[in-house]
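Encoded as structure tokens, the structure appears first; notes follow it.
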Amino acid sequence: MRVTDLPLELPGYTHVYSGKVRDLYAPLDAEGRPDEERLLLVASNRLSAYDWMMSPEIPDKGAVLTRLSLWWFDQLADLVPNHVVSTDVPDAVAGRGVLVRRLDMLKVEAIARAYLTGGGLEEYREKGSVSGVVLPEGLVDGSRLPEPVFTPTTKAPVGEHDLPMAPDEVEAELGVEVAAEVSRLTRAILARGNEIAAERGILIADTKVEFGLSPDGTGGLVLADEVLTPDSSRFWPAEQWEPGHPQPSYDKQFVRDWLTSSEYGWDRKAGGPPPELPGHVVEQTRAKYVEAYERLTGETF
Ligand code: Q0Z
């Protein structure tokens, strides 16, 4: 986050934390102390590409992704309970803020992969397996896996990269029982997501979800944070899916193409910051987020 982006001053809330593209606030109680049971999760309009924050922001991105997450929570409600309490939030964050139950978050990034690419592809090329799961021979970039594979990572601080966790490391962190449940649920969420999305022209290559537990120690795992959005998942356009090379990104392809095109000719390997996005790229990118929302949910944004 750039130092020029100050958190919002929301009356009745205090800023807790900001990630790259989202912000967390805590409601204040009558005595002005932070509520220990609730958080306000706010999705910003910020966009990152090639590990850089883009400027300007993408209008409506935070609201589109928030509505998409809320819709997915409903689609997944028979698999796992979620942290959502209310969408009654301050006007300044209307549509992109959600009041949630404050949970004890697990210190594991729960990732599942349904298609092979990125770090999973690298591991497969080296070892023929991904996170300890032996895969068939002959898979290439973009291949569909026989079934979703759980590929957890550590939660690294902002700016650092997450590292793969071996199954025994996850068990040491969570206990054998919770580790098995996190794996099962993460794979089930991605499988359900792809059942729904594939009919609507979108493939979800992989996804990252976060789970928490009630601080009172009762009850099982609760699905938190955002779920099955283009920020937490790789969305691919189904009609362009062609294993054997990197797949185009559903949401970020206009940005990537423009940044590396001759029109601007940004050399990302040279290390300098990216240019301001032109209006047409911002508008095309906004349209892709809206299109994903409308295709998946069947609702107008
Ligand atoms: C989520 C994150 C950020 C948004 C903490 N229900 C919950 N209970 C406790 N903690 C969290 C949640 Cl969702 C929690 N994050 C990730 C960071 C903005 C989400 F800056 N961190």
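The values are calculated or read from the model by the stated rules, or taken from the named source; none is laboratory data. Note that the coordinates shown come from a computational prediction; the quantities given were computed from them, not determined experimentally. So basically every Cβ, Gly included, is an ideal-geometry build from the backbone, and we count neighbours across all protein chains shown. The protein model used for the area step is the full one, side chains on, heavy atoms only, and it has no ligands, DNA or RNA in it. Shrake-Rupley method; radii C 1.70, N 1.55, O 1.52, S 1.80 Å.
Some points to look at:
- Rg and Dmax [Cα atoms of the chain; Å; Rg one decimal, Dmax integer]: 19.4, 63
- Kyte-Doolittle mean at least -0.5, axial Cα span of 30 Å or more - DSSP H helices of the chain: 176-198
- Whole-percent carbon and sulfur share, accessible surface of segment 197-266, 1.4 Å: 48
- Fully extending the segment from MET53 to ARG144, taken as 0.36 nm per residue of separation minus the present Cα-Cα distance, adds 29.7 nm.
- Phi-based couplings in Hz for segment 36-52 (Karplus 6.51, -1.76, 1.60; Gly and Pro marked x): 8, 10, 10, 9, 10, 9, 10, 8, 7, 9, 6, 10, 10, 8, 6, 6, 10
- Rolling a 1.4 Å probe over the protein heavy atoms of segment 87-185, with every protein chain left in place, gives an accessible area that is 50 percent carbon and sulfur.
- Sequentially through segment 104-113, phi angles give Karplus couplings (6.51, -1.76, 1.60; θ = phi - 60°) of 7, 6, 5, 8, 9, 7, 8, 10, 10, 10 Hz, Gly and Pro residues having no value and appearing as x.
- A DSSP coil position with no more than 14 other Cβ atoms inside 10 Å describes the following chymotrypsin sites (Phe, Trp or Tyr not before Pro) in segment 28-110: TYR50.
- Furthest towards positive pole of dipole, ALA224, ILE196, ALA172, structure part segment 127-246, Cβ charges: ILE196
- Solvent exposure of segment 126-226 amounts to 50 Å² per residue of accessible area, where only protein heavy atoms count and the probe is 1.4 Å.
- Segment 93-150: translational diffusion in µm²/s, Stokes-Einstein, Kirkwood Rh over Cα pairs, 20 °C, 1.002 mPa s: 157
- Amide H contacts under 5 Å for LEU28: TYR13, THR14, ASP35, restricted to partners 5 or more places along the chain or on a different chain, H placed in the peptide plane at 1.01 Å from N.
- Computed over segment 178-238, the P(r) tail beyond 19 angstrom holds 34 percent of alpha carbon pairs.
- Residue-normalised accessible area of segment 1-116, given per residue in Å² at a 1.4 Å probe: 48
- Calculated log₁₀ intensity ratio I(q)/I(0) where the Debye formula runs over C-alpha points of segment 30-186, q = 0.08, 0.19 Å⁻¹: -0.32, -1.37
- Residue-wise HN-Hα couplings along segment 200-212, as the Karplus relation 6.51 cos²θ - 1.76 cosθ + 1.60 with θ = phi - 60° gives them from phi, are 10, x, 10, 9, 10, 5, 7, 8, 10, 10, 10, 10, x Hz; Gly and Pro carry x.
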